[in-house]
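So the structure is just underneath, and the comments pick up after that.
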Amino acid sequence: MIRVLLVDDHPVFRHGLNALLGALPDVKVVAEGTDGAEAVVLAREHRPDVVVMDLQMPSMDGVTATRRIIEEHPEIGVLVLTMFEDDASVFSAMRAGARGYLVKGADSPDVQRAITAVAQGEAIFGPGVAERVLGYLTRPLSAHDDVVFPELTDREREVLELIATGLGNATIATRLSLSPKTVRNNVSSIFAKLQVADRAEAIVRARRAGLGTGPHDHH
């Protein structure tokens, strides 16, 4: 049974989503929150498998709430619910550690697929987001880009850098003092965000961006 915490400040939308999720087999809504601050408290209290998080909310927005929840409970998967406001909010939610995106108005099978994937530690991005991420990643780098792969969290960038030096997950886990499961989740999130199929492709992309090519290992 996948336990879900639902966070949205619009009661009508929240009730609709609750009804939709309640009708799915294997999904149980354990709590509902109306803003980011409440989300952090409810996540602590209920330890859900997945938090379905709206981005635009009063008092504390979804990005900040996502960051707090992931810091406290890295095992919780956050699925962002968005109208696709703008690239900035999509990328900042990714950086905060959200593992998936759901467009408001997505139909039942899509919602179920996204929740199941995120609950299993996978990352899932709708076609709209994937397209924008790809566009963003393939555009020429400009002087403003001080960070390669801005859509990755700091931890994911660290992991990618070690992948680029050719290290396997077990070594990366030891090196960063993380559990193998956390490294696995990070790796699948990196592949999804970079839209690569496998490790080899990730290494090519990372090296092209200048990661893992230094003469010495600086970790």
Does S177 satisfy the criteria of being crowded, with 19+ Cβ neighbours inside 10 Å and either within 19 Å of the chain's Cα centre (by Cα) or at pLDDT 90 or above (or both)? no
With respect to G62, determine if the residue is farther than 22 Å from T182 by Cβ and modelled with pLDDT of 80 or more. yes
Looking only at strands (runs of 3 or more DSSP E) that fall completely inside the stretch 1-120, which ones have 1 or more residues that are among the charged types (D, E, K, R) and buried (at least 24 other Cβ atoms within 10 Å of the Cβ)? 50-54
Is there any pair linking a residue in the stretch 1-30 that is farther than 19 Å from A43 by Cα to one that is of a type in the set (G, A, S) and in a helix (DSSP H, G or I), with Cβ under 8 Å and at least six apart or on different chains, and which? L20/S108; A23/S108; L24/S108
Being more than 20 Å from A31 (Cβ to Cβ) and either in the same structural domain as V183 (by TED's automatic domain parsing) or of a type outside the set (D, E, K, R) (or both) is the requirement here; does G62 meet it? no
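Restricting attention to the stretch 8-32, report how many residues are within 14 Å of L79 (Cβ to Cβ) and among the small types (G, A, S).
So the answer is 0.
The values are calculated or read from the model by the stated rules, or taken from the named source; none is laboratory data. Just so it is clear, the model here is predicted, and its values are computed rather than measured. Please note: Cβ atoms are built from the backbone with ideal geometry, for glycine as well, and neighbour counts cover all protein chains shown.
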